[in-house]
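Data first, discussion second: the structure below is written as structure tokens.
Please treat every number below as a calculation from the coordinates, not as lab data. Keep in mind the model is a prediction, meaning the values are calculated, not measured. So basically every Cβ, Gly included, is an ideal-geometry build from the backbone, and we count neighbours across all protein chains shown.
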């Protein structure tokens, strides 16, 4: 029969003191007094019958017994914390927090969310529209959708889809005084620019690849968000150079069109990825959303 464990409070005091090699720092972490930590450690030593620290002048040092136990107890408390998070995940609160960039969230994800809600009405959704990387391990979000090169450490990563950068405009620009039919016709139209990083193709790069050296690439307004440039294109104000995934719905509905042959589109180096914490993939609300989003991604890729 297994011997009963020492009190959890005493084990916690030893683990904190062993990590810090200080009763004072352990006390600050546990929100108790240094004397209380010292008392708990002494009680643990008396219970197991061996010293865990050598008490030096203004310092602590672990004994062999303390060195052997400390990493195992640290792992144990980490697992306990994960267990508590799992219980919280199965609590009455079914809120699913999704971290996603504002443009992708507003232009692609949000228009599709009603399909998920119809399938899982028990799950409440909270969208955190931000480009800041959420710490999934610390519970800052349940799911993150990110655009990047992949290779994300410490999380479960599912590839969703890549993009092709393509010029798009309102169908109204295909007619009028200067109909937009060939790349050379861009000289008569406003170019809509997005403040991307250097990894994304700009109008300058696109025009150079198309051999159009006589068109001023920096003319036209600049936007800090893709959604703003797309709205301007929808309004007929110019031609945007944008990832096809972001405007897939507008293209399908005919609100936007590709004015040129697909050969003038540029594959992008980055892709969209679905991320979640490795130890939370089986949480029902996360598993349900992940299954649904992967289906949506497959449908988009096969369209």
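Sort 96-107, 56-67 for me by packing, meaning the mean count of neighbouring Cβ atoms within 10 Å per residue, highest on top. Numbers along the way, then the final one.
Values: 96-107: 20.8, 56-67: 12.4.
Averaged packing, sorted descending, gives the order 96-107, 56-67.
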So if each residue of separation counts as 0.36 nm, and I subtract the Cα-Cα distance between residue 65 and residue 131, what length gain in nm does that give?
19.1 nm
Between the modelled labels at residue 271 and residue 20 (7 Å from Cα along Cα→Cβ) the distance in nm is 4.6
Share of alpha-carbon pairs per 5 Å distance bin for region 8-89, given as whole %:
3, 16, 25, 25, 17, 7, 4, 2, 0, 0
Give me the angle, in degrees from 0 to 90, between the Cα long axis of helix 284-302 and the longest principal axis of the Cα atoms of the chain, rounded to the nearest 10.
30
Relative to the longest principal axis of the chain, what angle (0 to 90°, nearest 10) does the C-alpha long axis of helix 34-48 take?
70
Stretch gain in nm, segment residue 156-residue 181, where the contour uses 0.36 nm per residue and the Cα spacing is subtracted
4.6 nm
Helix-only mean residue ellipticity at 222 nm, the chain, DSSP H runs n ≥ 4 weighted -39,500 (n - 2.57), per residue, nearest 500. What is it?
-11500 deg cm²/dmol
Quick one: 23, 116, fewest Cβ neighbours within 10 Å first, how do they rank?
116, 23
Relative contact order (%) - criterion: Cα under 8 Å, at least six apart; region: region 180-247
41
Given points 7 Å out from each Cα along the Cα-Cβ axis, report the residue 299 to residue 249 separation in nanometres with one decimal.
1.2
Based on the Cβ-Cβ distance of residue 42 and residue 140, what FRET efficiency does E = 1/(1 + (r/R0)^6) give at R0 = 45 Å, to the nearest 0.05?
0.70
Expressed as an acute angle from 0 to 90° and rounded to the nearest 10, what is the orientation of the C-alpha long axis of helix 8-20 relative to the principal long axis of the chain?
70
Using 0.36 nm times the number of residues separating residue 9 and residue 281, minus their current alpha carbon distance, what extension gain do you get?
94.8 nm
Where labels lie 7 Å past Cα in the beta-carbon direction, separation of residue 72 and residue 110 in nm
5.3
Using only the Cα atoms of the chain, construct the convex hull and provide its projected area averaged over every direction, in square nanometres to one decimal.
23.1
